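The values are calculated or read from the model by the stated rules, or taken from the named source; none is laboratory data. Please read all numbers here as calculations on a predicted model, not as lab measurements. For neighbour counting, all protein chains shown are included, and Cβ atoms are generated from backbone atoms with ideal geometry for every residue, glycine included. All accessible areas refer to the heavy atoms of the entire protein, side chains included, with ligands and DNA or RNA removed. Shrake-Rupley method; radii C 1.70, N 1.55, O 1.52, S 1.80 Å.
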Amino acid sequence: MANKILSIADLEEAASHSLSVSARDFFNSGATNQVTLYDNYAAYRKYRLLPRVLRDVSLVDTGISLFDRDIEFPLCVSPAGMQAMAHPEGEMATSRACAKMGVNMGVSSYANHSVEEITVAGKEVGPINHVMQLYAMNDKAKQERIVRRAEAAGCKAIFLTADSPVLGVRWNEWRNGFMPPVGLGYPMYERTSTEIQQQSHDDGFSSTNSDSHSWATEIPWLRRVTKMEIWIKGVLTPEDVETAIEYGCDGVIISNHGGRQLDETPATIDALPACVKAARGRIKIHIDGGIRSGVDIFKALALGAECCWVGRPALWGLAYDGQQGVELMLRILFDDFKRCMQLTGCRSISDISSASLAIVNAYGPLARL
Ligand SMILES: Cc1cc2nc3c(=O)[nH]c(=O)nc-3n(C[C@H](O)[C@H](O)[C@H](O)COP(=O)(O)O)c2cc1C
Ligand SMILES: CCCCCCCCCCCCCCC(=O)C(=O)O
């Protein structure tokens, strides 16, 4: 069994051998002291599973419907920029892997391939839906072109990233003098590889990104320019869930940007229950951050999320073995999720509820939720 990749941790370790130190640190790090990066993962560990036994789990349905299409299990790949730094085929390979494994994919505005190339690459392999991630930009005409290109390419939703008026404190990038490699383009920002000057992440980001974004400026504007669904990525409070509902948004992603923006924000799994409660079924609630196993997916669903998304695991898969590496990552999570359903006695997604979870209580017995 030596060298066999059985877990996402194995994949992370394998990926580290094919990345330069500065690329690895760029992908893997969080902001400032890495508190939220760590918490995102660690917070899942305080929940324990309460299996119901002697149930027939010979037939288990792991599927859900998302954007009017069935996906294999409640997991999709979060938008993450600069995937060609992990593998030359970058987002195209991720898209093909998602299509092969029957899940959806988010396309970052900082993708090194265009939304047209990425969507076609996936659809050549099998049915897949994409969503387009968007930052609020200073140049509204360019922002509108991104939205219109995404819609024409068949994307189902805009994921407006709301947690990034400015970039988080990225000590790892500053220490390493991180520069995006020469030769990578950003086609959604209409920058070809030959036009790119050597520019730091901070400088590149602040030159295009709007720090004067607001609900009132962004959401009605988006509604005017697109018929796609509008989701807010980066919500952590019930108050912002309520505001997203007031503005008629279709969904929110409970996310702290994988711990890369404001450090010491709560782990997303800890922020989730209050957000689900506030939503009262009026808006879709998804989650990302720190999900590294099928058991984590199960826990997030038990706490009320409809679907989970993963960021870094896809980058590790890409760095390890391109499309096959991302497929391997998705297979590991699928197998683990299905087995968790079987071992907890759940035959369908609707069987998963907080009744299957308990919380570890350091001073006494497990506490039922
Ligand atoms: C290298 C990297 C690049 C990212 N780029 C973007 C991006 O362009 N837009 C965005 O909204 N989120 C971006 N994210 C955040 C992810 O969409 C997602 O929220 C996060 O990775 C989830 O946490 P996880 O990596 O622990 O799964 C990026 C994350 C990483 C690690
Ligand atoms: C926009 C024109 C070119 C700028 C070139 C330099 C900046 C590249 C940075 C890519 C960042 C991609 C990821 C962004 C993110 O959300 C994150 O790091 O987290």
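Numbers at a glance
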item	result
Qualifying residue in segment 173-191 (condition: more than 16 Å from ligand 2 (Cβ to nearest atom) and over 19 Å from ILE118 (Cα atoms))	no
Matching entry among ILE245, ILE253, ILE219, ILE232 (being of a type in the set (A, V, I, L, M) and touching a His at 6+ places or on another chain (Cβ under 6 Å))	ILE253
Filtered residue count, segment 181-195, keeping only those that are modelled with pLDDT under 85 and within 16 Å of ligand 1 (Cβ to nearest atom)	0
Selection status of SER164, outside any strand (DSSP E or B) and over 19 Å from the mean Cα position of the chain (by Cα)	no
Residue list for segment 167-185, filter: part of a loop (DSSP other than H, G, I, E, B) and on the phi < 0 side of the Ramachandran plot	LEU167, GLY168, VAL169, ARG170, PHE178, MET179, PRO180, PRO181, VAL182, LEU184, GLY185
Selection within segment 236-257 - open to solvent by less than 10 Å² (accessible area, probe 1.4 Å) and within 16 Å of ligand 2 (Cβ to nearest atom)	ILE253, SER255, ASN256
Residue selected from segment 315-362 under the condition among the small types (Gly, Ala, Ser) and in a helix (DSSP H, G or I), by the criterion surrounded by the most Cβ atoms within 10 Å (Cβ to Cβ)	GLY317
Residue match in segment 27-43 (condition: away from ligand 2 (no atom under 16 Å from the Cβ), of a type in the set (Phe, Trp, Tyr), out of contact with any Ser or Thr (no Cβ under 8 Å at 6 or more places or on another chain) and over 27 Å from ILE128 (Cα atoms))	yes
ARG52 vs. criteria within 28 Å of SER353 (Cβ to Cβ) and within 22 Å of the chain's Cα centre (by Cα)	no
Residue in segment 75-93 that is in contact with a Pro (Cβ under 8 Å, 6 or more places away or on another chain) and more than 14 Å from ligand 2 (Cβ to nearest atom) present	no
Unique match (being small (Gly, Ala, Ser) and in contact with a Lys or Arg (Cβ under 8 Å, 6 or more places away or on another chain)) among GLY294, GLY364, GLY322, GLY289	GLY294
Those residues of segment 1-34 which are among the aliphatic types (A, V, I, L, M) and surrounded by fewer than 17 Cβ atoms within 10 Å (Cβ to Cβ), in sequence order	MET1, ALA2, LEU6, ALA9, VAL21
Any hit, segment 233-245, residues being among the polar types (S, T, N, Q) and away from ligand 1 (no atom under 16 Å from the Cβ)	yes
For ASN209: the one exception among (1) open to solvent by 20 Å² or more (accessible area, probe 1.4 Å); (2) touching a residue at least 60 places away in the same chain (Cβ under 8 Å); (3) farther than 30 Å from LEU330 by Cβ	(1)
In segment 64-92, the residues that are small (Gly, Ala, Ser) and crowded, with 21+ Cβ neighbours inside 10 Å	SER78, ALA80, GLY81, ALA84, ALA86, GLY90
Cβ-Cβ under 7 Å pairs, at least 6 apart or on other chains, segment 128-140 side more than 13 Å from ligand 2 (Cβ to nearest atom), far side among the basic types (Lys, Arg) and assigned to a strand (DSSP E or B)	ASN129/ARG69
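For every residue, the table says whether it meets (1) open to solvent by 10 Å² or more (accessible area, probe 1.4 Å); (2) closer than 22 Å to ASP70 by Cβ; (3) in a helix (DSSP H, G or I).
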| residue | (1), (2), (3) |
| --- | --- |
| THR94 | no, yes, yes |
| GLY106 | no, yes, no |
| HIS113 | yes, no, no |
| VAL120 | yes, yes, yes |
| GLU124 | yes, yes, yes |
| ILE128 | no, yes, no |
| ALA141 | yes, no, yes |
| GLU151 | yes, no, yes |
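Here is a yes/no grid of residues against (1) in a loop (DSSP other than H, G, I, E, B); (2) of a type outside the set (Lys, Arg):
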{"residue": "ASP211", "(1), (2)": "yes, yes"}
{"residue": "ILE219", "(1), (2)": "no, yes"}
{"residue": "ARG223", "(1), (2)": "no, no"}
{"residue": "ILE232", "(1), (2)": "no, yes"}
{"residue": "GLU242", "(1), (2)": "no, yes"}
{"residue": "GLU264", "(1), (2)": "yes, yes"}
{"residue": "ALA271", "(1), (2)": "no, yes"}
{"residue": "LYS277", "(1), (2)": "no, no"}
{"residue": "HIS286", "(1), (2)": "no, yes"}
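Yes or no, residue by residue, for (1) touching a residue at least 24 places away in the same chain (Cβ under 8 Å); (2) out of contact with any Lys or Arg (no Cβ under 9 Å at 6 or more places or on another chain):
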position	(1), (2)
GLY154	yes, no
ILE158	yes, yes
VAL169	yes, yes
PHE178	yes, no
GLY183	no, yes
THR194	no, yes
